[in-house]
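Trainee: This is the structure I want to talk about, given as structure tokens.
The values are calculated or read from the model by the stated rules, or taken from the named source; none is laboratory data. Only a predicted model underlies this, so the values are computations on that prediction, with no experimental measurement involved. Here Cβ is always computed from backbone atoms with ideal geometry, including for glycine, and neighbour counts include all displayed protein chains. Protein only, heavy atoms only, side chains kept; ligands, DNA and RNA dropped before computing areas. Shrake-Rupley method; radii C 1.70, N 1.55, O 1.52, S 1.80 Å.
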Amino acid sequence: MNPALVYLIKINVAIALCYLAYMLFFRNDAFLRGKRLLLLSMMAFSLLYPFLTQFQSIFNSLFASGFSVSNYSEILLDEVVVMARLEGRTGAATLLQYLPTMIYLAGVAVMLIRIILQIISVIYQIHTAKPIFFGDTKIYEKTGLETPFSFFRYIVLDPTRYDSNELSEIMQHETTHCRQRHTIDLLASELICIFCWFNPFAWLLSRETRLNLEYLADRSVLEAGCNREHYQFHLLQLTYNNAITTITNNFNVSQLKQRIIMINKSEKSNRIGVKYLLVLPLAALLLCLNCTEKNNKAENPAVTNATTTEVIETHTPVKGDTVYQSVDEMAVFPGGEVALLKWVSENLVYPVKAMQNEIQGRVSVRFVIQADGTVDDVKLMRSVSPELDKEAIRVVKTLPKFQPAKMNGEAVAVYYNLPIRFRLTDN
């Protein structure tokens, strides 16, 4: 399977799981700062989580081998590439193959254009507004603007539309957005929506992020001494005004009912905060288990996709002799390593079934060159599909005799590892 597609699938699965966990356990909490950190962490985790699997083989090697000299080969031959041409492909078939990718990229392009246009609109609003001072705070007066908004350190509003109490509440609300840099959260959530535009959970997670930012600003207004009832009535008056864009912090952008409920909740940080702290060791434990989990060889012979599987097996030599990883003199194929790779390439046959199902990938085979030069104990270390695995093992088992390896002048058995890449091409 295409690595980019695998990465995209993992991102969207992680986003869905994070959103569901948030809704089940955290959505109604009044520990708003903890929720903000949690939401940002969920978005970052969703984007970075697929990369963590890249270290899985390293952890497997360390934990599974126990640093034993008899488990893995340190002598790694160059990769053999076996290519086959896909026959009978038409232009329509090729176009159909790439159609999902084209649709996805078109969606990403539309989302990018949407965000760019919003940024241009915000810059235009700020540029055409009149800078004035409200106390010590610089704001931008925009006549006729229905909904006040902030973007990074800029606050834009029409002060003539509000009385002194309302203006004080709005300023406290928007300066909180600016001071706590809430625009960064908004842009992060928009980034998730750009690359996962087809995933409804990405949009829902973005909505929760935006709503929690409004909770934080609302709480700041109340902590500044504003009347709770008056502030809620003020929100009710402005709730039907349209927000200028989704990338700005708007005074009335979020759902009124949820905001009023949260306004009347108290933050019980001593009890709720502990629940957030428990997320950290739990996440660390899950990641460690993910990295140290041993991938076992698949027993299902019906596997026919191109997703590779690491197969790690503990080996006990068939004979009583020690099998070395490193030696004084390496075993040599007649004619050298170039001749070995050529021999393998010429004797490998791309399985017809694998070609028909468009299966490709890298198979890794470990084997022992015994003290008499014969190839023995052939093991599959990395699997792609039953057809490709079988062909790789077949060829290795038919290798001619090597000139044996030597240790302290005596012929000894040694491990070798041969990677074989099966690749399909249109040309």
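Trainee: Check the stretch 317-331 and report whether any residue there is surrounded by fewer than 19 Cβ atoms within 10 Å (Cβ to Cβ) and either without any contact (Cβ under 8 Å) to a residue 12 or more places away in the chain or aromatic (Phe, Trp, Tyr) (or both).
Mentor: Yes, there is a match, as at least one residue in the stretch 317-331 is surrounded by fewer than 19 Cβ atoms within 10 Å (Cβ to Cβ) and either without any contact (Cβ under 8 Å) to a residue 12 or more places away in the chain or aromatic (Phe, Trp, Tyr) (or both).
Trainee: On to the next question. Output the number of the condition that SER150 fails; it satisfies all remaining conditions of (1) touching a helix residue (DSSP H, G or I) at 6+ places or on another chain (Cβ under 9 Å); (2) open to solvent by 30 Å² or more (accessible area, probe 1.4 Å); (3) of a type outside the set (Asp, Glu).
Mentor: (2)
Trainee: Given the criterion at pLDDT 90 or above, out of contact with any helix residue (DSSP H, G or I) (no Cβ under 9 Å at 6 or more places or on another chain) and either polar (S, T, N, Q) or exposed (fewer than 12 other Cβ atoms within 10 Å of the Cβ) (or both), identify the matching residue among LEU48, LEU117.
Mentor: Details: LEU48 fails: at pLDDT 90 or above.
Within the list LEU48, LEU117, the selection yields LEU117.
Trainee: Let me ask another. Could you check ILE393 against (1) more than 36 Å from the chain's Cα centre (by Cα); (2) at pLDDT 90 or above and say which number it fails?
Mentor: Tallying (1) more than 36 Å from the chain's Cα centre (by Cα); (2) at pLDDT 90 or above, ILE393 fails exactly one: (1).
Trainee: Scan the stretch 1-45 residue by residue and report those that are farther than 19 Å from LYS275 by Cα, of a type in the set (S, T, N, Q) and either at pLDDT below 85 or assigned to a loop (DSSP other than H, G, I, E, B) (or both).
Mentor: Once the filter is applied, which keeps residues that are farther than 19 Å from LYS275 by Cα, of a type in the set (S, T, N, Q) and either at pLDDT below 85 or assigned to a loop (DSSP other than H, G, I, E, B) (or both), the stretch 1-45 yields only ASN2.
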